[in-house]
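Novice: Structure below; questions to follow.
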Amino acid sequence: MLKISIQASSMGQQADHELNIYRRMAQSPKGHPGRDAVRTLLDTFYIDGPGDKHRCLVHPPLFESILTFLRRNPVERLPSEVIAFVLLRLFLALDYLHTECQIVHTDIKADNIMLGIDDDSVFSDFEEEELQYPVPRKEVDVDGRTIHMSRELRIPNRVDAPVLCDFGSAMLGDQHHSEFIQPNIYRAPEVILEAPWTYSVDIWNVGCMIWDIYEGGSLFTGQDPEFQKYRSRAHLAEIINLLGPPPSSLIAQGELREKFFSSDGKSRALSSYV
């Protein structure tokens with residue numbers, strides 16, 4: 001599996017950052033059972049593009065994401081026993097990342113969890129089909145650069161255990177952090193408040209995501225009824241409505257506490273949004 005970064009400077013930096021995260025994982029102890037629950041890096045190289053070089057990361061082949069797998073099901077839900085296995089693998093992966101590598105993933109979602117392949121025949125079939133029935137292609141510039149239509153793998157007879165992927169947004173857990181991270185609806189309260197956060201934000205992230213997969217709808221939406229889009233204050237209000245207010249010690253550490261709470265620690269009215 002090949003991951004190619006686009007040439008935009010920010011994405012190029014993210015690819016280099018992801019490479020450094022993989023190198024950190026490669027230097028970690030190898031005996032932890034969660035090591036097999038994260039995607040590994042086989043190699044890296046550059047290719048030339050029309051205007052710049054592109055960082056490429058080479059990974060072991062995988063099948064498809066949990067999100068794609070979900071969409072194959074008409075009700076877009078997973079059986080409870082499958083969810084239990086996905087959770088087991090996720091917590092093994094996170095225990096490995098947190099305790100052995102001091103890495104916070106920060107971007108756990110269904111399309112960053114991929115199923116392995118326990119059926120190598122899909123690759124030989126893919127190769128044979130391409131030889132017999134090449135996909136359409138075309139040249140797109142005077143230099144003769146050719147682009148090819150994608151060809152999907154067939155559904156394997158056996159899929160393997162899921163693995164956690166995509167470390168482009170990962171952070172080092174042994175450093176101080178208070179910046180915004182995570183997909184909007186999976187954002188932990190301390191992140192919304194811009195308070196210091198650490199490994200526990202990944203656990204919050206998993207809990208919200210698993211609810212979505214199991215129930216077929218979001219635990220929190222953060223939808224502001226006035227602006228019809230995500231707003232942090234609406235998200236925090238949903239959290240408080242379900243779980244009660246955050247601890248006063250957490251509120252006190254938040255850089256944005258005055259936007260969400262009055263001086264006596266009470267939640268402000270939702271007439272003002274961020």
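Novice: Quick one: which residues, 5 or more positions from Val159 or on another chain, have an amide H under 5 Å from its amide H? H modelled 1.01 Å from N in the peptide plane, none for Pro or chain starts.
Specialist: Amide H neighbours of Val159, under 5 Å, 5+ apart: Asp118.
Novice: In terms of modelled amide H atoms, which long-range or inter-chain residues lie less than 5 Å from the amide H of Asp224?
Specialist: Lys229, Tyr230, Arg231
Novice: Return a single number: how many Lys pairs in the chain, at a sequence separation of 8 or more or on separate chains, have alpha-carbon atoms below 26 angstrom apart.
Specialist: Qualifying lysine pairs in the chain: 9.
Novice: Out of Ser80, Ser28, Ser200, any idea which swings most in a Gaussian network model of the chain, alpha carbons joined below 10 Å?
Specialist: Ser80
Novice: Quick one: order Phe260, Phe167, Phe123 by neighbouring beta-carbon count within 10 Å, fewest to most.
Specialist: Sorted ascending by nearby Cβ count, the order is Phe123, Phe260, Phe167.
Novice: What are the principal axis extents of the Cα atoms in the chain, in Å, biggest first?
Specialist: Rounded to whole Å, the extents work out to 71, 46, 44 Å.
Novice: I would also like to ask the following. Alpha carbon centre of segment 152-214 versus segment 221-237: separation in Å?
Specialist: 20
Novice: Quick one: what does P(r) look like for segment 1-121 with 10 Å bins over all Cα pairs, in whole %?
Specialist: Calculated over all Cα pairs of segment 1-121, the distribution is 11, 36, 35, 16, 2 percent.
Novice: By count of other Cβ within 10 Å, fewest leading, how are Met114, Met1, Met171 ordered? All intermediate terms of the calculation are to be shown ahead of the outcome.
Specialist: Details: Met114 26, Met1 13, Met171 22.
Fewest-to-most ranking of Met114, Met1, Met171: Met1, Met171, Met114.
Bear in mind these aren't lab numbers, they're just calculated from the coordinates by the rules spelled out. What you see is a predicted model, and the numbers here were worked out from it, not measured in a lab. Here Cβ is always computed from backbone atoms with ideal geometry, including for glycine, and neighbour counts include all displayed protein chains.
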